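Structure record follows, encoded as C-alpha cells.
Taken together, the values in this text are just the output of simple stated rules run on the coordinates, not laboratory data. Since the model is a prediction, treat every value here as computed from it, not as a measurement.
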Amino acid sequence: MPPSDGLAASPGIADAAVGTATPRSEQEPGLSVVAASQQAGAGAVVAGFGLIAVGAVGGWLIWRSGASAAKIQPEDTTGVFLTLLVFAAAVERILEPFSRWLPGRAAEAALSRTVTDVNSRVDGPTEADREAVAVATAKVARAKANRTIVAWGLASGLATVASSAGGFYVLHAVAGADWNGVAVWVDAVVTGVMVGSGTKPLHDLITRAQNGPPSP
C-alpha cells in the first residue's frame, strides 16, 4: 500500500539504529552512516505480485460463487474516495500486528549490533569498522525495499478479497452501478491495489480532487 509506512517501511527502527552512531561520528568525522537507496530483490517482487494474484483468485472465486454482497454505490465521487480511505486505514490496522514477520527485522538488528560494537571502541573506528557499518546499512536499505513490496502485495491481496466479498468496487462506484466496462472481479483487483497502496496516496488524491486542477 504500500500500504502506509507502518507496514511497508517501518523506518523508525532502522533510523534509531543508525542514529546511535551519531555521537561517535561527531568525534570521528570519518565515520558516517548514510542509508543508500536500494531496490527490492527479485524474490520480494515475485512474492508481492504473487500475493496480489492469490487475492485476485480469491476475489474471482467469491464473485463466481455468487457470495459477493450487493454493490456499494456512494452518492458522489468524494464519497467513493472517502470510502477508499477508510477501507485502506482498516486494512493497515488489520495487518499492522503481522508486520513483525515481514522481511527486514534481522537486518535492522544486525545493524544495531554493528553500530553498538563500533561505538564501544575506545580507540575509535577502524576502516574495517566503517566498511562493516556501510555493508549493514545497505542490507537494511534493501530489507526495507523488500518489506515495502511484500507488505503492498499482502495488503492488496487482502483488500481484493474484501472488495469482492463486501461489494465495493471503485470503478463501478465512480461510473455507476450499471456500468459494465470491466468484470466485477477485475474491478475488485483494481480496488485492492488502490487500497493496498495505503492511506497517504489516497489522502493526496482526495485533496487534489477537492482543490481542483492547479492554477497555471
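Listing for the model above:
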{"item": "Using θ = phi - 60° and Karplus 6.51 cos²θ - 1.76 cosθ + 1.60, couplings along the stretch 38-47 (whole Hz; Gly, Pro as x)", "result": "10, 8, 5, x, 4, x, 5, 5, 4, 5"}
{"item": "Using θ = phi - 60° and Karplus 6.51 cos²θ - 1.76 cosθ + 1.60, couplings along the stretch 127-132 (whole Hz; Gly, Pro as x)", "result": "4, 5, 5, 4, 5, 5"}
{"item": "When the convex hull of its Cα atoms is projected in every direction, mean area for the stretch 120-174 (nm²)", "result": "6.3 nm²"}
